[in-house]
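Take a look at the structure set out below.
Every number in this text was worked out from the coordinates using simple rules, so none of it is lab data. This is a predicted model, so every value here is computed, not measured. We place every Cβ from the backbone using ideal geometry, glycine too, and count neighbours over all the protein chains shown.
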Amino acid sequence: MRSGLAIKKRFNSLTIRQKLLSQSRLHSSVEPSAEGKKRLSNKSAWHLNTKAKYAIVFAIIAVLLISIFAFLPRSTPNNIEPQTTDNPTDIPNATATDSPTATATQKPLTQRNSPSIINQIIDIIIPPKPPGVIESAGVMNSTVWKAVATNAWKYFQPGIGVDSNTGLPGAVDGYPYFTDWDLGVYIQAILDAEKIGLINRTEPWGADYRLNKVLTFLETRELNNASYPYWFYRADNGKVYTEQSNKATTMADSVDIGRLFVALNNVKAYNSTMGQRIDKIVIGPGNRSNYAALIPGVKAESAYSTSIYFYYVASGYACFWPTELAGLQDRVLENIKNAGTVTPYGNAPLPKADILCEPLLCSVFELPRNPKLMELATMVYNAHEARYAATGQFTAFSEGNAYGEFIYEWVSTSAGETWIVKLQEGIPKNINPIIYTKVTLSFLALYNTTYAKNASVYVEKALPEPTRGYGEGCDFIPDGYGSYVVKEVGSNTNGLILGAARYALKG
């Protein structure tokens, strides 16, 4: 998740830690398990294998071309018709509008120019992946969205992203550790899966069984010397992940806690019988952690914050302290609205505020509907379309694993920067941005535009089949489907996709 520098901008009034980084967010900074190391090596192995495959392909192509030219008449070398190349930038640009609709004008990715003879040979030697769920869909109806949700829910199956004994989640496939942020993602995924109909309440490994496992953990887990949660816990036994937790620089992770509160409050709405247990965990009486001590800092921050991260996590605290934090959400959204704008592409302004798609979309899918928030989401979506219209590049900015680090793709910042990628320390990173699966599908659920569908198809074609859940995404190249593919499968990606699917199916 979150940039340390950016979080200081959001929570610098708090005395508690601003790290904001669960393993699902800063994968490169945490030592993986043996299985995790194996999975993390897949990216580099994939690149090597790809290079080897293409070396073989072009060697074969050279032999074939020599053979072809050997049989061509010498007197007619110019009779060979030039071949058109397969170029996704031939798709007409779309124009961003104030009200996104499904009437965008881009040509679907399936309607592409005839492939060149070289691409035909490559397709014979390395057959292209068959069309996926999104590409095969004529329209995004309930059947298609149910299939998308089913793929995302695969990650949260026991033995994949959830420990079969403890019922606790791992942040990334092959990495059996989690933070309060990851726990919140898992809780929300359970609620979304039940609403979609992927599980029911009472079956084995149904919603109630899974939620009870999580609540029991929260009621009994080991706390640090200040009686706050440790940064990291182990999914396989629920114990503290000491190696990483000992690196903590403050006694409480206020951001991850706020994200957990959002999910716990949604559990109360889902099943009121769990409400007393949740209230006791959070506000008491008899609660084990003095979360109320964090409220004054949250309230003070709301007076001036222009961060969508602050909006999201502070909303979690407001769920349990509604009187003390009354009006918090509207204040932050007004701060963002009044911060001024910058217009990098077309007629699509962005606020001079700290905007990342991850907390923005989580806010849309998980918090009570707020018209001002929806206006901001539409503004951010329109900016994505405008960037595509200007550059011909699919864009779906967010945060996640890429290039051996955890990156943050900022749509805009309070300093007036736009479309900038940074590392955890706030250092700019000059890379080809990742098109994140969770964002393309979220845009598709919200706006159902041709742009959102084409971007989703682009990523779908680049990623492996989602047999264990969806991978994170890929970069954009003008003559194919991603030169850099982020195959890691984790809770952040698949949790947000479940939220998008639930929104598309249930509103």
Expressed in Å to one decimal, the Kirkwood Rh of the stretch 440-507 from all distinct alpha-carbon pairs is 12.4
In the neighborhood of Lys268, defined by Cβ-to-Cβ distances under 11 Å, what is the net charge if each Lys or Arg adds +1 and each Asp or Glu adds -1? 0
From phi via Karplus (6.51, -1.76, 1.60), per-residue ³J(HN,Hα) for the stretch 152-166 in Hz, x at Gly/Pro: 5, 5, 4, 4, 8, 7, x, x, 10, x, 10, 5, 5, 9, 8
What do you get for trypsin sites (Lys or Arg not before Pro) in the stretch 364-408 restricted to DSSP loop and a cutoff of at most 13 other Cβ within 10 Å of the site's Cβ? Arg369
Restricting the stretch 261-329 to chymotrypsin sites (Phe, Trp or Tyr not before Pro) in coil, as DSSP defines it, with at most 16 other Cβ within 10 Å: Tyr304
Which residues' amide hydrogens lie under 5 Å from the amide hydrogen of Ser412, considering only partners 5 or more residues apart or on another chain, with H built in the peptide plane? Ile355, Trp419
In this structure, among Lys337/Lys422; Lys154/Lys213; Lys352/Lys506; Lys372/Lys429; Lys213/Lys239; Lys337/Lys438, pairs with alpha-carbon gaps over 21 Å are Lys337/Lys422; Lys352/Lys506; Lys372/Lys429; Lys337/Lys438
Need the full-extension length gain, Thr143 to Thr343, defined as separation in residues times 0.36 nm minus the C-alpha distance. One decimal, nm. 68.2 nm
Net charge dipole size for the stretch 320-479 [Lys, Arg +1 and Asp, Glu -1 on Cβ; Debye, nearest 20]: 320
Of the GluC sites (Glu not before Pro) in the stretch 392-459, which ones lie in a loop per DSSP and count no more than 11 other C-beta atoms within 10 Å? Glu425
Length released on extending from Asp279 to Glu243, taking residue separation times 0.36 nm less the Cα-Cα span: 9.9 nm
How large is Rg/Rh for the stretch 365-507, to two decimals, with Cα atoms and a Kirkwood Rh? 0.94
